[in-house]
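One structure is given here, and the rest of the page talks about it.
The values are calculated or read from the model by the stated rules, or taken from the named source; none is laboratory data. These figures come from a predicted structure and were not determined experimentally. Every residue, glycine among them, receives a Cβ derived from its backbone with ideal geometry; neighbour counts consider all protein chains shown. Keep in mind that these areas ignore ligands, DNA and RNA; they rest on the heavy atoms of the full protein, side chains included. Shrake-Rupley method; radii C 1.70, N 1.55, O 1.52, S 1.80 Å.
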Amino acid sequence: MDDLTLERGISLHEKPGTTCTGVSAKGPAVEWELRLPGRPLLTVHDTRWDNGERDLVLYQPTVVPEIPAALSNLHNRLRVGIARAPGNTTTLRIMAFPAWVDGERPRIKKSLTTAQLAAKYGLQQLRDLTARPGVALHSAGGRVEVPGYDVNDPQDDIRIQHALSFPVEDDETPVIAFTHLRVVPVLRHVGWLSVVTV
């Protein structure tokens, strides 16, 4: 995908903040660096709060470099919560809600067909992600009547809320997913990345 690279950065000391559920908490974060040649560094924070919650967000630095408004408006917004998969102690999940830009304000779309999700995420990128050990795409609500989520034959009939599950010890998969779901669509909107092809 163009020359976008994602690398694990430093681990930060505990910081105060507010979790996705609105609780005041403290927690350490791991920085993940997103780099595009000739563009300012973007940083994703993977924060593990002391109340057990965890989330990912495009972190806003103290001094924000000159960047397009839509990208600036993504800083510290549209976090992705990481939670235990229902009824499972060895698997975590994130909701697969891709971003889109309304004027200059990034927003998320929650219900899509699997084919629509694959088109927004990038079909090959979604296939690569779900080929990782223990990673699966499924219905967030566990609806039995929904067709399969086979990324080799994505259903285009029923709009649902998708989720990605991954092993507890896998720190990289949620950051890759977050990057493709939240940051990449905004980078495409501002012209920093080419349009996805499926």
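Enumerate the amide H contacts of Ile160 below 5 Å, restricted to partners 5 or more residues apart or on another chain; note that Pro and chain-start residues carry no placed amide H.
So Ile160 has HN proximity to Leu112, Thr113.
Using a 1.4 angstrom probe on heavy atoms only, work out the carbon and sulfur share of the accessible area of the chain in %.
Carbon with sulfur: 49 percent of the solvent-accessible area.
On a straight-distance basis, which aspartates and glutamates could pair with Lys120 in a cross-link, Cα separation under 15 angstrom, same-chain partners fewer than 8 positions away excluded?
By straight Cα distance, Lys120 reaches Asp128, Asp156.
Residues of the chain: accessible area per residue at 1.4 Å, in Å²?
For the chain, the per-residue accessible area is 49 Å².
Distance in nm between label sites at Arg77 and Arg159, each 7 Å beyond Cα in the beta-carbon direction?
About 2.2 nm separates the two model spin labels.
Of Ser111, His75, Asn88, which is farthest along the charge dipole of the stretch 71-198 in the positive direction, counting Lys and Arg as +1 and Asp and Glu as -1 at C-beta?
His75
Starting from the amide H of Arg77, placed 1.01 Å from N in the peptide plane, find each other amide H under 5 Å away whose residue is 5 or more places distant or on another chain.
Close amide H contacts, sequence-distant or interchain: Leu58.
Counting helices only, and only those DSSP H runs with n ≥ 4, report the 222 nm mean residue ellipticity of the chain as the sum of -39,500 (n - 2.57) divided by its residues, in deg cm²/dmol to the nearest 500.
-4000 deg cm²/dmol
Which of the three applies to the chain, rounded, prolate or oblate, going by the alpha-carbon gyration tensor with a ≥ b ≥ c and a/c under 1.5 meaning rounded?
oblate
Dipole of the stretch 1-79, Cα-centred, from +1 at each Lys and Arg C-beta and -1 at each Asp and Glu C-beta, to the nearest 20 debye?
So the dipole magnitude of the stretch 1-79 works out to roughly 180 debye.
Treating only the Cβ atoms of Lys and Arg (+1) and Asp and Glu (-1) as charged, compute the dipole magnitude of the chain about its Cα centre; round to the nearest 20 debye.
500 debye
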